[in-house]
1. Quote the charge dipole size of the protein assembly as shown about the Cα centre in Debye, to the nearest 20; the model charges only the Cβ of Lys and Arg (+1) and of Asp and Glu (-1).
2. What FRET efficiency comes out for the pair B:MET296/B:ASN111, r = Cβ-Cβ distance, R0 = 41 Å, nearest 0.05?
3. Please check: in the Gaussian network model of chain A (C-alpha springs, under 10 Å), which one of A:VAL42, A:VAL128, A:VAL169 has the largest mean-square fluctuation.
4. Given the options B:VAL236, B:GLY140, B:LEU196, identify the residue whose Cα lies farthest towards the positive end of the charge dipole of the protein assembly as shown (+1 on Cβ of Lys, Arg; -1 on Cβ of Asp, Glu).
5. Given only helices, namely DSSP H runs of n ≥ 4 each adding -39500 (n - 2.57), what is the per-residue ellipticity at 222 nm of the protein assembly as shown, to the nearest 500 deg cm²/dmol?
6. Do any of A:LYS172/B:LYS318; B:LYS239/B:LYS292; B:LYS13/B:LYS213; B:LYS14/B:LYS88; B:LYS244/B:LYS286; B:LYS3/B:LYS149 go past 20 Å between their Cα atoms, and which?
7. Could you let me know the centre-to-centre spacing of the stretch A:184-217 and the stretch A:74-96, using Cα atoms, in angstrom?
8. If you average 1/r over every pair of different alpha-carbon atoms in chain B and take one over that average, what Kirkwood value in Å do you get?
Amino acid sequence: MISLRNVWVVAERDLRTFLNYKHVLIMRALWFLAQIALFGLVVNKMLRPDVQEAVGGSYFSFYAAGIIISLLYSTSVFIGYDIYEEADHGVIEYLLSLPVSRKELVLGRSIGGGLRSFLYVSPMLMVVLYLIWSSNPQSFVSPLQLFIAFLALFLFTFGVSGFSITLAVSIKSSDKFDIFLGMINALIVRLSTTLYPLVYMPSYYAGIAQFNPLTFAADLFRWGAGLESAVLTAPAIAIFGIISFFSLFTFLGIFLHERVLEGGSWQ
Amino acid sequence: MPKPIIRIVNLTKKFGNLTAVDHLNLEIEEGEILGLLGPNGAGKTTTLLMLTTVLRPTEGTAFVGPYDVTQEPDKARTLVGMAFQDPKVLWVSTPWDILNWHAKVCGIPSNEREKRLRWVLEEVGLWNERRKSVHTFSGGMRKRIEVAKILVQRPKIAIIDEPTTQIDIVGKHRIWNMIRSLRDEGSTILLATNELYEADVLSDRVAIIHRGKLLVCDNPKKLKDSIPGGDVIEVVLGKDVSKKCLEEVERMNRVVDVLSTKPNHLKIYLNKAEEVLPQITEFFLKMRIPIKSVQMSEPTLDDVFAHYTGLTIEEAEKR
């Protein structure tokens, strides 16, 4: 039986470290500005009207929504770095000795890491929503759609945090983790619909990209923001994909905490 | 007869080829302070980590209260609180945040939390530093935060790993008093230490552990008495002693050996010196030999350790 109170107390601890990463935050915000104000605008001008039409009227809006998902992903994985710092300070042993179950611990950390990432990204998310809505004033935004999309994005960030915890627990060197994450980052973003829709990818890439959690999250966010387009993944499939992703990595995180950490191989 | 609150059964932990804990069997009674004494690397911390379910045993198990740590680890942890050997704090945190979160995760209600935090922070002398980042703290101050966690939690079973390393003598006494008061409030204390004096003054019983194995477990007094001739009485007499007198002393009950370092200096090796001393003084008075001085020394736990291993704790640590 999972105690929601315990899950929240664990999550709260990670939320409190929000300001530990202020330098990273500033860098990410600058990166976001460069992507939107430079790359997004320039590429938007390069694309033919039929391509713009296919992605819902404006590639800039399509791209801006995708960049937010990419940001959410890259900030949710921070929790993995926390695990290494905690291992250096022996805090992992402390966390494992507390009167909370492994399920509550992993779930709490995934939620804490995910919420923290949402807090980082929310100002930029607001900017993107403003840009999308101001460039498509006729588009209809359903509050329910937006709410569902946000809820799914929460789950997406929890899942990414769980994924990062799973990786950190499996890879014992922080250097290897950093390199591996860099490689995964390059692949997972490019093999998704964050930057371009599936229809423009070669079929062998699209075959993989359609199962990418970033594809589910990006297309769902676009749908929630009112960017209607036939190229987006169906919302029901995207929601199912995100729930599966979250469940898989939460389960793996719990399993590894019990097997790898308690087994003592961390030491 | 107090019932055991911790029952360790054939507990074993291997890291590759290294056996850190080797078929350990031990019972800890409710309400006692049990000192787990041994040199560094004896397997004390590994044992404690298995009891708190941080590490899973390779073989055997332990029961914490009614819960088997291998079968019901989540329930076992609800009874246990641990103060680690190395302070487990992140450099970005403050004492208040660390203890407040610890209290919260241990389920202490908010109305009680603030009072308890204030009391503990004052007791460990960190109240004025409560909002400072711990990266500015000395090793001793960080250690005090670690001990404070357990004082805030007041668990049914408090597991404390070397609580006073890096702490000055005033601080040591303060922490020892807190550990005693924790026990008086109802906690059972399992204290791992390699400090002989600490084990001696704090523990109701001492379990001596070496190379992962339990050598002996009893109260400190009985452990010291278990060494044949462990007590020493040194007597300086007013005149030289005859061979006959020496033989008379040697024949006394509990006397193991008598050494005459000078004709009027005797070194008597015996057990339970406090019971035999009156007999010895009476004997010399009867023999009309004046006694100039008497010095009595008890064996230390180091002598006990040496008796069972052939090494002092210091030597064992070097090996």
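Read the figures in this text as sums done on the coordinates, not as results from a lab. For clarity, every value in this text was computed on a predicted model and none was experimentally measured. Note that we place each Cβ from the backbone using ideal geometry, even for glycine, and neighbour counts take in every protein chain shown.
1. For the protein assembly as shown, the charge dipole is close to 600 debye.
2. Once rounded, the FRET efficiency stands at 0.15.
3. Taking springs between Cα atoms under 10 Å, the residue moving most is A:VAL42.
4. B:GLY140
5. Value at 222 nm, helices only: -17000 deg cm²/dmol.
6. The pairs that break the limit, which is 20 Å between Cα atoms, are A:LYS172/B:LYS318; B:LYS14/B:LYS88; B:LYS3/B:LYS149.
7. Distance between centres, Cα-based: 29 Å.
8. After inverting the pairwise mean of 1/r, the radius is 21.9 Å.
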